[in-house]
Amino acid sequence: MTGDAHRSSLRDREALAWAVLSVALLFTFALWQHFDAARARHDQERFMRAAEKQRNILINRIHDYEQVLRGGAGLFAAGGVPSRSAWRTYVDTLDLERASPGILATGFALMVPPEAKAAHERSVRAEGFPDYAIFPPGERAMLSSIVYIEPFSGRNLRAFGYDMYSDPTRREAMDRARDSGQPALSRKVTLVQETGADVQPGFLIYFPLYRAGMPRDTVAERRAALLGYVYSPFRAFDLLNGVFRTPTQILEIELFDGDGSPENLLYASEGAARDARLMTEMKFEVGGTPWLARFRSSERYESLEGIMQPTMVLLGGVALDLLLFAVLYTNARQRRKMGISAARLAESLDSYKALVENIPGAVFRCEVGAAVPIRQLSSGIAALTGEAPERFLSGELSYRQFIHPDDRQAVAEAVAEAVAKRSAYNVEYRIKASDGFTRWVSERGQVSSDAGGRTRWLDGVVLDITERKAAEIMIRDLAFNDTLTGLPNRRLLLDRLEHQLAASERAGRYGALLFIDMDNFKTINDTLGHAAGDQVLVEVAARLLASVRESDTVARLGGDEFVVVIGNLGNTAEAAKAEAAELGGKILLKLSQPYRLGSHLHNSTPSIGITTFCGHCVSAGQLLRRADQAMYRAKSAGRHQLKFYEEETSPAARVA
């Protein structure tokens, strides 16, 4: 080869090296953008899961405090207004500082008509409180007074005799609790317990107390029967520091009463005002009051982020691009440096392997159709299965044996379809690790071909999604099922009833709805306690489930009210009515059998109302009201019987 030809060849090879470098850098930049977007999605999802978890912890804590107040109301329901010493003993027994930390106090506020004020003050003074008086002074249409408050010491002494009903903010929450019969949480207030130093925002939770023996089915009846409230005040920072301030805190939070205006701020963690990379707002309701939580990622959270770092991909990719360029350029300039370039390539491959090992989950490559298919497997498989990757690579263990038996078919079908179509797949399933722990995983893979076009490789990654699945299941159960009996709640009942109406309309077949109310159930709660009442409700649910077909729906509306929805009862209303009457009689008999409560048997009977349906002639809500009316006809007729809805009959007066 002449000198000119040799120089031309070198120039061509140098141009090729530069062209390859340009294309490789463009590819590396595109890959970096992909990993950057993936990291951002991963961080956002992890952040949202953490924020939802913190929100749920707060909601559950407030529900715990509501249960404390329900227990106090139970004390009043069981024996009337307790003495001051009995109230102190009850609160001390609850051990709230340990069992429900964050409660500043638990007290009883009595409603006092203006004409009874003087007599009330004399009565309390006679108990040994000569300076007792309702404050603030002044004439008002209705008064209230904090009569009991425990612990009765420290800053709580400032609240003794305070008329909370005189404050518009507190009064709104008290009226809401009175009218609904449910716990009500107030808007942001400054507690009367504040001393002037370290003043914090506060709020209160009220639970209404009604006079025994007075009806309270309507708002007007509840207003007339109101005796007072059991309530608890909370200093927001003292309470919420115990909820959110932990050694492993990864989120900062601002909590607002209502919208996110500065004047509505209830609580802010130490770094809540920082300019964080991730931020979200969540609106939710507690005790009938809207709250807004603004979550930001903390410095600690952002310092822990490092999974799928795009910088590593960019730097590693550029390094590989430059290495390839160096190999081509050096080959053109000096062939003797090829050995050095090969060594650099091997080093880069090791770096790439280290990068793969740091990706979460297990990265794998399988050879399609091989006796021992797994060819490459990252160490992440040990965290998922408890077994070292070498045992899978050698064929000693098969990954299939760790897949849950109920899921193996679905996984096999997803992989087979991807192999047949030479496409990607994504499947979620359960695996059982060697320690017996069951995990949910997500497997994503891609089928590729060899140079001859034959299906050869299956590459993918298996990720642990156990926490996400657990959160989904918990949210679904809370939304659609009754926590005591496990039966569908009103929301799920209405959904299933709509489906049943649609199916009935398509098939032209009748169905029936049974509304069941346990007679004199309140007596069980009042005499034996709510735990015994809950035991009876659970047994009622079990007997109802045993009385119907698997395709039927049994739901609990609340209290001692249950609903059964039955489909496919016949082609005529008469046939459906006969079938429903037969089932209703069977349920009436089963629910009337004695209930074992401890060592004793207790008798309780049901009253049942029945209405039939065919298609959407009547809405789901109207069906419930018709069955309810029929049930109260059964009550009015003497209880322990069933009645059908009659179109011309007006609803009977409610009988307890």
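Numerical summary
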| item | result |
| --- | --- |
| Cα-based helix-to-principal-axis angle, 530-547 vs the chain, degrees rounded to 10 | 70 degrees |
| Listed residue (Pro151, Thr89, Gly138) projecting farthest to the positive dipole end of segment 76-152, Cβ model | Gly138 |
| Computed E for Arg277/Leu601 - FRET, C-beta separation, R0 60 angstrom, nearest 0.05 | 0.40 |
| Alpha carbon centroid spacing (whole Å) that separates segment 183-241 from segment 59-81 | 12 Å |
| Environment charge at Asn520 (Cβ cut-off 12 Å; Lys +1, Arg +1, Asp -1, Glu -1) | -1 |
| Fraction of accessible area attributable to carbon and sulfur, segment 181-300 (%, probe 1.4 Å) | 49 percent |
| 16 Å cut-off, amide nitrogen to a point 7 angstrom out along Thr195 Cα→Cβ, residues in segment 88-106 | 104-105 |
| Length-normalised contact order for segment 501-652 - Cα pairs under 8 Å, 6+ apart - percent | 32 percent |
| Accessible surface, per residue, of the chain when the full set of protein chains is kept, probe 1.4 Å, Å² | 51 Å² |
| Where labels lie 7 Å past Cα in the beta-carbon direction, separation of Ala578 and Ala77 in nm | 4.4 nm |
| Acute angle (nearest 10 degrees) that the helix 3-79 long axis makes with the longest principal axis of the chain, alpha-carbon atoms | 10 degrees |
| Sequence of Asp552, Asp534 from largest to smallest accessible area, 1.4 Å probe | Asp534, Asp552 |
| Debye intensity ratio I(q)/I(0), log10, segment 468-598, q values 0.15, 0.19, 0.20 Å⁻¹ (C-alpha model) | -0.78, -1.10, -1.17 |
| Of Ala420, Pro208, Leu588, farthest towards positive along the dipole that unit charges on Lys, Arg, Asp, Glu beta carbons give the chain | Ala420 |
| Residue-span extension gain [His42 to Ser592] - 0.36 nm each, minus C-alpha spacing | 192.4 nm |
| Rounded tilt (10° steps) of 620-636 against the dominant C-alpha axis of the chain | 30 degrees |
| Local electrostatic count, Ile134, Cβ distance below 9 Å [Lys/Arg +1, Asp/Glu -1] | -1 |
| For segment 175-331: relative contact order, % (alpha-carbon pairs under 8 angstrom, 6 or more apart) | 19 percent |
| Relative contact order (%) - criterion: Cα under 8 Å, at least six apart; region: the chain | 9 percent |
| Estimated dipole of the chain in Debye, rounded to 20 [Cβ of Lys and Arg +1, of Asp and Glu -1, Cα centre] | 800 debye |
| Whole-Å semi-axes of segment 145-223's equivalent ellipsoid (Cα gyration tensor) | 27, 15, 9 |
| Estimated distance in nm for a label pair at Ile465 and Ser449, the labels positioned 7 Å out from Cα along Cα-to-Cβ | 3.0 nm |
| Positive-end residue of Ala319, Met282, Ser449, charge dipole of the chain with Cβ unit charges | Ser449 |
| Exceeding the 29 Å Cα-Cα cut-off - candidates Lys53/Lys522; Lys469/Lys586; Lys53/Lys188; Lys522/Lys590; Lys53/Lys421; Lys53/Lys432 | Lys53/Lys522; Lys469/Lys586; Lys53/Lys421 |
| Net +/- balance of residues flanking Tyr595 in space, Cβ distance below 10 Å, scoring K and R +1, D and E -1 | +1 |
| Rounded percent of accessible protein surface that carbon and sulfur make up, segment 450-529, 1.4 Å probe | 53 percent |
| Coarse-grained scattering of the chain at q = 0.09, 0.12 Å⁻¹, given as base-10 log I(q)/I(0) from a Debye sum over alpha-carbon atoms | -1.01, -1.31 |
| Largest-first ordering by accessible area, 1.4 Å probe, given options Trp87, Trp18 | Trp18, Trp87 |
| Sum of -39500 (n - 2.57) over DSSP H runs of 4+, divided by residues of the chain (222 nm, nearest 500) | -15000 deg cm²/dmol |
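The values are calculated or read from the model by the stated rules, or taken from the named source; none is laboratory data. As the structure is a computational prediction, the values presented were derived from the model and not from experiment. Cβ atoms come from the backbone with ideal geometry, glycine included; neighbour counts cover every protein chain shown. These area figures cover heavy atoms from the full protein model, side chains too; ligands, DNA and RNA do not enter into them. Shrake-Rupley method; radii C 1.70, N 1.55, O 1.52, S 1.80 Å.
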